[in-house]
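Every number here is computed from the coordinates shown, using simple stated rules; none is lab data. On a predicted model such as this, the values are computed, not experimentally measured, just so you know. No Cβ is skipped: glycine too gets one built from the backbone with ideal geometry, and neighbour counts run over all protein chains shown.
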Amino acid sequence: MKPQKKNKNQDNLKTKDLSKNTQSPDKEFLTTNQGVRINDNNNSLKSGERGPSLLEDFILREKITHFDHERIPERIVHARGSAAHGIFQLYESQEQFTKAGIFTDTSRTTPVFVRFSTVAGSRGSTDLARDVRGFAVKFYTDEGVFDLVGNNIPVFSIQDAMKFPDFIHAVKPEQDHEMPQAASAHDTFWDFVSLVPETMHMVSWVMSDRGIPKSYRMMEGFGIHTFRLINQKGDSHFVKFHWKPVLGVHAVAWDEAQKISGKDPDFHRRDLWENIDQGNFPEWELGLQIVPEADEFKFDFDLLDPTKIIPEELVPVRIIGKMTLNRNPDNFFAETEQVAFHPGHIVPGIDFSNDPLLQGRLFSYTDTQLSRLGSPNFHEIPINRSVAPVHNNQRDAHMRMTINKGKTNYHPNSLGGGCPYQAMIKDGGFSSFPERVDAEKIRGRSKSFSDHFSQPRLFMNSLSKHEKRHMVDAYAFELSKVNHDHIKERVCYNLSMIDKDVAKQVADKLGITIPKKVELPLNQNIGADEDPVRNEPKDANHVTESSKVLSMEAHNKGDIKTRVVGMICSNGVREDSLMAYKNTLESQGATVKIIAPKGGKIKTDQGTALKVDENFLTVTSVIFEAMVACDGLDKEVLEHQVAKHLLQETYKHCKAIAILGNGVELLNNTQIPTNKKDPALLVNDEAKAFVKAIAAGRNWQRELEPVVPA
Ligand code: HDD
């Protein structure tokens, strides 16, 4: 029997595997699908030049038939997404916890394919919706495919898979008029949320700035559920998976998000693509929170409850390796659309816990591929194909690619020499962790799942002032779009169980009063026969505990790598100061774009021609992280509405601005207040100081001042 192959150079292994199916038309003739060369691809076959078309035109029929069937159903959730290829490398063997090769063999480079997504919107919706982001990683390991299908938020909205279709129906556009697209700000979503308080933890994360990331490259990822790791001896440890972005965690402002949705709805997709294209490969470190079996009941929440985190203060995250995304897909449909993730794709050394949400997911993901990709042979699609050999007795079905040789397609057999053999555990055969289960069959939920408010309170306590303000504003924004007051009241009532102050601020903005008690419609509790425990929360006290890493502030790396800075220029711009700034910014890893009234090129005061990246027709401040008004601007720019708007909007979104030389005249033509101390508004300062100002993060203080129109 063959031992499992060990690959030291796997990054090329998946690329090599995919290359069996990639093709390019370079120097080739146009043909039909049957390989017949086509002589005229412009005209159908007709009886006479003006005559009716002829049914015998096999070229026309084939072309149109294929076109007619190009679309497949989009994903029921996470329809909008973008993906990239990459590699995973382990820093240090974790063999004390797991026997999985990717987590024990430091000499390996494991290929990965990662798809990021929004949840609620359709395939063509905006990237900047306020939403959770999917973070799904497919590891092509020597021992088979391992999928870590997570999100950018560490908790889920519901505790049991039984509620998933209800939750998704509620958040998707409403069934009568199919509105709104890619938005949770509507009645059905908040109706559901208000009746299911376990949603409050995840919803509070989504209402925070985590719901509007700056970039896929700047988000954390979480496996969410507790999984198990199994070592060589068969011992089990509970584990939660974390992805920590090397660029830190960053978000945009809500007003910015709404504007980006109009100006560049592909903002995240473009950002991922362009950065990989330019060699700015995004990186994440993989971390594990390990809990020994013996500590399963040590916490005041249940490890099996997916609406709970394990605070990092209780169980630190062990960083064990790094993932780098280094190649864009060749074809969006073939790879990004057809990739099929499944939390049930695990390898020896990893196992499931009894989290009831995870257990339900184990059914759902294969099932959905049957209607989305149309066949149980979806594992043969190149992007889904394992790099570990696949041999079994499954046969036939739509679009079967493998040509299985021999006579036997059953096990056991003697005619085929007993092949393929079952693998002993020592040969890498998967065996489930022999957890003892001895219980009554019930449809119910553990009481250990019933505290819905302590952890959202921990989250809110951990936010910085401006983060909390943004969360309050987001709650108020979303609920303002709800037509029914009783829904708003119920949400505020639930909020008051978490944080009375937050609830009051939201209610004030909505112009409603928080009720003392809310009546639930009949039989809306966990089970119709259960006590209405949700309506009588046990604990409405304020605890002051907080967890540092829950604030995005804790994840600012203090650099400006890959940030995009705009420089407002015109003909005659002063080249020395422009270049001093540009060079310094670029030396720190930023990308600089020249903005000028017209496209083409501008001439500096020294006669050098500079390419214009954005002209006044296309430019928008919201795609930049910071803005510079250069020295030597001509009168047209100094008085131009677009130039003024660029500065005002950059200011409004609290981003860093540098003013050089006569750029001050442009600043003075705006409504930006210049009489206040503002660490992110630099006039004739050094480029180094500007770099520091950008790296420090936004000056959210400006939000407390009268709004600058933009
Ligand atoms: Fe799910 C897709 C993440 C709960 C059913 N899910 C999907 C994707 C991500 C997640 C990232 C997109 C994968 C891709 O890019 O193709 N889902 C999660 C997380 C969950 C979760 C982190 C909870 C912790 N999901 C969940 C439940 C169910 C589903 C409870 C059903 C019982 N999810 C699906 C699905 C999807 C899916 C319907 C749609 C497309 C697909 O699977 O392939 O089966």
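Counting Lys and Arg as +1 and Asp and Glu as -1, each charge on the Cβ, what is the dipole of segment 287-332 about the Cα centre in debye, to the nearest 20?
Its charge dipole is roughly 400 debye.
A crude spin-label estimate for the pair residue 54 and residue 443, with each label 7 Å from Cα along the Cβ direction, gives 6.5 nm. In the distance distribution for the chain, Cα-Cα pairs more than 47 Å apart total 27 percent. A simple rule links phi to the HN-Hα coupling: the Karplus curve 6.51 cos²θ - 1.76 cosθ + 1.60 with θ = phi - 60°, which for segment 486-491 gives 5, 6, 4, 5, 5, 5 Hz, with x for Gly and Pro.
Rank-order 211-220, 493-502 by packing density, defined as the average count of other C-beta atoms within 10 Å over each peptide's residues, highest first. Could the numbers behind the result be given before it?
Numbers: 211-220: 24.6, 493-502: 21.4.
By packing density, highest mean first, the sequence is 211-220, 493-502.
Label-to-label distance, residue 274 versus residue 400, with points set 7 angstrom from Cα along the beta-carbon direction: 4.8 nm.
Report the full-extension gain for the segment residue 425 to residue 16: residue separation times 0.36 nm, less the Cα-Cα distance, to one decimal in nm. Can you show the working numbers first?
On the way: separation 409, 0.36 × 409 = 147.24 nm, distance 2.94 nm.
Here the segment from residue 425 to residue 16 would lengthen by 144.3 nm.
Note down the magnitude of the dipole of the chain about its Cα centre, charges +1 on Lys and Arg C-beta and -1 on Asp and Glu C-beta and zero elsewhere, to the nearest 20 debye. Can you show the working numbers first?
Working: 89 positive and 96 negative charges, 268 e Å.
It comes to approximately 1280 debye.
For residue 567, neighbours were defined as the other residues whose beta-carbon sits under 11 Å from its Cβ, and their charges (Lys and Arg +1, Asp and Glu -1) total -1.
Largest first and in whole Å, what are the equivalent-ellipsoid semi-axes of segment 264-417 based on the Cα gyration tensor, each being the root of 5 times an eigenvalue? All intermediate terms of the calculation are to be shown ahead of the outcome.
Working: eigenvalues 231, 151, 52 Å².
Values for segment 264-417, descending: 34, 28, 16 Å.
Could you run the Debye sum over the Cα atoms of segment 135-205, one equal point scatterer each and no solvent, and tell me log10 of I(q)/I(0) at q = 0.16, 0.17 Å⁻¹, two decimals? So the normalised log intensities work out to -0.67, -0.72.
Quick one: length gained pulling residue 332 to residue 91 fully straight, 0.36 nm per residue minus the C-alpha distance?
Values: separation 241, 0.36 × 241 = 86.76 nm, distance 3.18 nm.
Result: 83.6 nm gained on full extension.
Using every Cα-Cα pair within segment 376-484, state what percent have a distance larger than 19 Å. Please report the intermediate quantities before stating the final value.
Working: 4380 of 5886 pairs.
Taking all Cα-Cα pairs of segment 376-484, the fraction more than 19 Å apart is 74 percent.
Peptide packing for 279-288, 410-419, 197-206 was compared via the average number of neighbouring C-beta atoms within 10 Å per residue; ordered from the highest value, the list is 197-206, 279-288, 410-419.
Cα centroids of segment 546-586 and segment 374-423: how far apart, whole angstrom? After rounding, the separation between the Cα centres reads 53 Å.
Working from Cα pairs under 8 Å separated by at least six residues, relative contact order for the chain is 12 percent.
FRET efficiency for residue 285 and residue 410, Cβ-Cβ distance as r, R0 = 51 Å, nearest 0.05? Mind dumping the intermediate values first?
Working: r = 46 Å, r/R0 = 0.90.
FRET efficiency, residue 285 to residue 410: 0.65.
Summing -39500 (n - 2.57) over the DSSP H runs of n ≥ 4 in the chain and dividing by its residue number, what mean residue ellipticity at 222 nm do you reach, to the nearest 500 deg cm²/dmol? All intermediate terms of the calculation are to be shown ahead of the outcome.
Working: 17 runs with 178 residues, N = 710.
About -7500 deg cm²/dmol.
How long are the semi-axes of the equivalent ellipsoid of segment 558-704, taking √(5λ) for every eigenvalue λ of the Cα gyration tensor, in whole Å from largest down?
Values: eigenvalues 92, 60, 38 Å².
With the √(5λ) rule applied to segment 558-704, the semi-axes are 21, 17, 14 Å.
Using the charge dipole of the chain (Lys, Arg: +1 at Cβ; Asp, Glu: -1 at Cβ; taken about the Cα centre), state which of 179, 134, 350 has its Cα farthest towards the positive end. Towards the positive end, the residue furthest out is 350.
Calculate the FRET efficiency for residue 299 and residue 579 from the Cβ-Cβ distance with a Förster distance of 56 Å, rounded to the nearest 0.05. Show your work: numbers first, answer last.
Values: r = 57 Å, r/R0 = 1.01.
Once rounded, the FRET efficiency stands at 0.50.
Can you pull a Stokes-Einstein diffusion coefficient for segment 242-314 at 25 °C (0.890 mPa s), Rh from Kirkwood over Cα pairs, as a whole number of µm²/s?
Working: Rh = 16.1 Å.
So the translational diffusion coefficient is about 152 µm²/s.
Highest mean first, the peptides 302-314, 503-515, 389-401, 428-440 sorted by other C-beta atoms within 10 Å per residue fall in the order 302-314, 503-515, 389-401, 428-440.
For the pair residue 516 and residue 704, the difference between a 0.36 nm per residue extended length and the Cα-Cα distance amounts to 64.5 nm. In this rough spin-label picture, where each label sits 7 Å from Cα along the Cβ direction, the residue 162-residue 46 distance is 6.5 nm.
Using the structure shown, list the pairs from 655/677; 582/644; 465/652; 172/655; 214/468; 465/516 with a Cα-Cα distance above 24 Å, or answer none.
Values: 655/677 15 Å; 582/644 21 Å; 465/652 18 Å; 172/655 33 Å; 214/468 18 Å; 465/516 27 Å.
From the list (655/677; 582/644; 465/652; 172/655; 214/468; 465/516), the Cα-Cα distance tops 24 Å for 172/655; 465/516.
Treating r as the C-beta distance of residue 677 and residue 545 and R0 as 41 Å, the FRET efficiency rounds to 0.75. If you take the alpha carbon atoms of segment 31-70 and fit the smallest convex hull around them, that volume is 82 Å³ per residue.
Count Lys and Arg as plus one, Asp and Glu as minus one, and take only other residues whose Cβ is under 11 Å from that of residue 679; the net charge is then +3.
The loop-placed trypsin sites (Lys or Arg not before Pro) in segment 25-88, going by DSSP, that have at most 11 neighbouring Cβ atoms within 10 Å of their Cβ come out as 27, 50, 71.
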